[in-house]
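Down below is the structure, laid out as structure tokens.
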Amino acid sequence: MIRLVSADSRPAPPLFVVGAPRSGTSLVYRALALHPQAAWINNYQRRLPGLSALAGLNRLGARRPDARRTVWFGADGDNAYRYNTKRSLAERFYPQPVEGEPVFEHCEVPEAWDGSPITDKQRRLAGLLARTTTRSGGRVLISKRIGHNRRIALLHQLIPQARFLDVTRDGRAVAYSLSRVDWWPQMPVWWWQDRTPQEWAAEGRDPLELCARHWVEETQAIETGLAQVPTGQVLRIRYEDLVADPLTVLSRIATFAGLDPEDETWRQELAQISFPNKNAAWTADLPAEQQAALAPLADQLTAMGYR
């Protein structure tokens, strides 16, 4: 007997969140993951990337929303970037949305696609993400990964109906923020032969200048990738607009993604989260003599309407 599956029961196309590091992508990702219709790659799937059944653990958070909010956003509800912060053992085991790069590695999806022929294993990604969506009880899978920035074209080829959300932020604030995080000095910089910021500084070069150039390279890579995606499948938002009016911007994203923007449970959760504007720090705390290091940003800032 053939079992017919209605179109409404099938997962909607996934939403891939892209943006330069420190642009607010984690904040957007976790805010969207609070939606009852949203699916996401959890920390257990990161350990066992081929086992989509682990997505069923996503359902636990909805049963204890207060605990979920604390684990995902901190006790004050204002910190969506908790990957490297001190957390209890219980918090580390609590299901939460992560970047989930091992899921993409499991299907041999590279961080940067050079146009090489698509393999059968790469084509399995669509099915794996669809099963993750279904088993989590969601309708739309949200995937945030900085590594998506250079493989947008490949993701579009593998899942032609996928949507892309581009989160942008003033490059000056991004550069300043990036220069202050503890994981950055050891991070391989893809456009600088995978050398590290530590090596850049050891050569006597201004660390802030590297951060500024990194924002330019990442935003240009995103533009190149999105140029190959139909315009109707791309939405661009600004961090500045998000923190100024979170509910309006997130509702717009939800509508674009195929999530119900009027879901009352979701809106109540969003009301419990803080969206602080952290852009002022670079102008207030950055010495005037260091601001010259931000010169590489000028053309891209102008092109993106930030000057």
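Some observations on this one:
- Long-range amide H partners of residue 141 with built H, under 5 Å: 15, 39
- Global geometry of segment 258-302, whether rounded, prolate or oblate, following the gyration tensor of its Cα atoms and the 1.5 cut on a/c: oblate
- Its DSSP H runs of at least 4 residues, each contributing -39,500 (n - 2.57), put the calculated 222 nm mean residue ellipticity of the chain at -11500 deg cm²/dmol, to the nearest 500.
- Per residue accessible area in Å² of the chain, where ligands, DNA and RNA are left out and the probe is 1.4 Å: 47
- Carbon/sulfur fraction of accessible area - segment 104-154, other protein chains in place, 1.4 Å, %: 45
- For segment 114-220, average projected area of the Cα convex hull in nm²: 8.6
- Segment 180-307 shape via C-alpha gyration tensor axes, a/c threshold 1.5: prolate
- For segment 116-218, GluC sites (Glu not before Pro) are listed when DSSP marks them as loop and at most 10 other Cβ atoms sit within 10 Å of their Cβ; the list is 203.
- In the chain, a dipole from Cβ-located charges (positive for Lys and Arg, negative for Asp and Glu) runs towards its positive end, and of 122, 181, 224 it is 122 whose Cα lies farthest in that direction.
- The long axis of helix 120-135 is offset from the longest Cα principal axis of the chain by roughly 70 degrees.
- In Hz, Karplus ³J(HN,Hα) per residue of segment 184-199 (6.51, -1.76, 1.60; θ = phi - 60°; x = Gly, Pro): 5, x, 9, 7, x, 9, 4, 8, 10, 6, 6, 6, 9, x, 4, 5
- Using C-alpha pairs under 8 Å with a sequence gap of at least 6, the mean separation divided by the residue count of the chain gives a relative contact order of 27 percent.
- Angle of helix 246-257 to the longest C-alpha principal axis of the chain, folded into 0 to 90 degrees and rounded to 10: 50°.
- Mean Cβ neighbour count within 10 Å, used as a protection proxy, ranking 38-44, 94-100 highest first: 38-44, 94-100
- Annotation for residue 111 and residue 198: the two label points, set 7 Å from Cα along the Cα-Cβ direction, are 1.6 nm apart.
- Overall, the chain carries a charge dipole of about 1240 debye about its Cα centre when +1 sits on the Cβ of Lys and Arg and -1 on the Cβ of Asp and Glu, all other atoms neutral.
- Cα shape, segment 208-269, gyration tensor, a/c 1.5 rule: oblate
- Dipole-positive endmost among 268, 234, 246 within segment 207-302 (Cβ charges, Cα centre): 234
The values are calculated or read from the model by the stated rules, or taken from the named source; none is laboratory data. Because the structure is predicted, anything quoted here is derived from the model rather than measured. As a convention, Cβ positions derive from the backbone with ideal geometry for all residues, glycine included, and neighbour counts pool all protein chains shown. Accessible surface is based on the protein model in full, side chains and every heavy atom, while ligands, DNA and RNA are left aside. Shrake-Rupley method; radii C 1.70, N 1.55, O 1.52, S 1.80 Å.
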